[in-house]
Amino acid sequence: VKKVKLPYIKMFLLGVYAGFYIGSGGICATVCSFRMTGGDSRFYSGLVFPIGLMLVLCAGAELFTGNCLLIIPLCCKKITIRELLISWLIVYIGNFIGGLFLAILIVYGHVTNLFEKNLAQIMVNTAIAKTSLSFGDAFVKGILCNFFVCLSVWLSFGAKDFFSKIAALWTPILLFIACGYEHVVANMFYIPAGLFASYEYNLPRLNLNWGRYFYKNIIPVTLGNICGGSILVGLGYWYIYLKIGRASCRE
């Protein structure tokens, strides 16, 4: 309820922070798994990437995918559908600006010069792979991703101290990264970074472009993330614990 009552400018700025944090976890995961292949690459990426969500939940930020759980207070009639949609929109835009800003800093600050500039090629390859998914695959991977992201948030609510919160959120995020699921906010960094790197380093980008990013990735992944977080986690646990259980929304 407090999330949707935030002043819009604060909501937006916290969204920018979240996009920046998630993207930071993404670039760190890419650097740490460089030259690794197969399961090793996915495992080490998964170990590092949760730093982004840790910063969101512990430092304080507004993440669109985690905020899919706002469906719970909506079902409890503590917020309105208008408040939910406005919050989602403002945070989503903030997340995009934060991811885009980080991508600009990483590429044009030439962090991508690492490993004899091969990191730039990795960023381009990642963006191409993400925009080459079919609509259906991107949608389903989006569902699977946010199911586990929202479980991380859900588990962290049960933590009693800082380190317990980190332990609770870490492993579901490791799982979604290791399995290659699609997170719309992470992609707000990965794909623009790949596009910028292709421009800056004059690298072949095949069919990679802004239009393809929006209709081949951001739309299906956003819809999938909403389904995975709002329906599978939010509505599921609301129904189990708040609608038919002994507990009530008022409690």
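The values are calculated or read from the model by the stated rules, or taken from the named source; none is laboratory data. Values in this document were obtained by computation on a predicted structure and should not be read as measured data. A quick note on method: Cβ atoms are made from the backbone with ideal geometry, for glycine too, and the neighbour counts reach across all protein chains shown. In case anyone asks, the SASA skips ligands and DNA or RNA and just uses the protein heavy atoms, side chains included. Shrake-Rupley method; radii C 1.70, N 1.55, O 1.52, S 1.80 Å.
Here the condition is being modelled with pLDDT of 95 or more and either at positive phi or among the basic types (Lys, Arg) (or both); of Arg42, Arg82, it holds for Arg82 alone.
Select from the stretch 182-223 the residues that are among the small types (Gly, Ala, Ser) and in contact (Cβ under 8 Å) with a residue 40 or more places away in the chain and list them in ascending order. Steps first, answer last, please.
Narrowing the stretch 182-223 to residues among the small types (Gly, Ala, Ser): 186, 193-194, 197-198, 211.
Scanning the stretch 182-223 gives Ala186, Ala193, Gly194, Ala197, Ser198.
Just one of the listed residues (Ala178, Ala193, Ala186) is open to solvent by 10 Å² or more (accessible area, probe 1.4 Å) and not acidic (Asp, Glu), and it is Ala178.
Taken over the stretch 32-55, the residue count meeting the criterion of being part of a helix (DSSP H, G or I) and open to solvent by less than 50 Å² (accessible area, probe 1.4 Å) is 7.
Yes or no, residue by residue, for (1) closer than 24 Å to Asn125 by Cα; (2) at pLDDT below 95:
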site	(1), (2)
Leu144	yes, no
Leu151	no, no
Pro204	yes, yes
Ile219	yes, no
Lys243	no, yes
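Among the residues of the stretch 54-85, those identified as farther than 22 Å from Ile143 by Cβ and free of Cβ contacts under 8 Å to residues at least 60 places away in the same chain are Leu55, Ala59, Gly60, Ala61, Thr80, Arg82. When Phe162, Phe135 are checked against the criterion of being modelled with pLDDT under 95 and not charged (D, E, K, R), Phe162 stands alone in meeting it.
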